Amino acid sequence: MRIAVLHGPNLNLLGTREPEVYGRETLAGIDERIRALAAELGIEVETYQSNVEGALIDRIHELAGRVDGFLINAGAYTHTSIALLDALVGVGRPFVEVHLSNIHGREAFRRRSLLAPRAAGIVMGFGADSYLLGLRGLTLRLRADARGTEEA
């Protein structure tokens, strides 16, 4: 099983960007924790970060043929990008939306996710652990889907 982890805009600034909201852990540290959990779960992960909407969409298209699902923190694109939603839905792979903070406890414009209605699940508010919880959930979902396919 292979999962792509996508980090959206400004997540490269983790560790220094508003640590009272996003914590002090860097993106490199989060990726390291994701890789460690993936090894424990017996899966492969590939991580990617971009501040550019089109680059994220291109990456989804490129990865779709070799991954089973996506774990995505789309950052601000969560609230604005129909194109990102279309890419995720269009490639036909399940995805889990993650956020470091609880978007429902923040500014009104952050409370709406364009991705949420089509996501397999959403994890938010647990800081960097949101990624780990999301990875566990997506792995369970993919394994259950594979068992269902094998039984059919």
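Before moving on, here are some points about what is shown:
- Dipole-positive endmost among S113, A39, A146 within the chain (Cβ charges, Cα centre): S113
- Think of the chain as having a plus end and a minus end, set by charges on the Cβ of Lys, Arg, Asp and Glu; of T16, I103, T78, I103 sits farthest toward the positive end of this dipole.
- Segment A64-H79, length gained on full extension (0.36 nm per residue, minus Cα span): 3.1 nm
- Per principal axis, descending, Cα span of segment 3-90 in whole Å: 36, 34, 15
- Relative exposure of M124, M1, judged by other C-beta atoms within 10 Å (fewest first): M1, M124
- Segment 1-35-segment 64-113 distance, computed between alpha-carbon centres (Å): 15 Å
- With the helix formula -39500 (n - 2.57) applied to DSSP H stretches of n ≥ 4, the chain reaches a computed 222 nm mean residue ellipticity of -13000 deg cm²/dmol.
- Axis of helix 53-63 versus longest Cα principal axis of the chain: the two differ by about 20°, to the nearest ten degrees.
- Full extension of the chain between D86 and F109 gives 6.2 nm of extra length, using 0.36 nm per residue less the Cα-Cα distance.
- Sorting 104-117, 133-146, 35-48 by their mean Cβ neighbour count within 10 Å, with the most densely packed peptide first, gives 133-146, 35-48, 104-117.
Where a number appears in this text, it was derived from the coordinates with a stated rule and is not lab data. Remember, it's a predicted structure, so these values are computed and weren't measured experimentally. Glycine also receives a Cβ, built like all others from the backbone with ideal geometry; neighbour counts cover every protein chain displayed.
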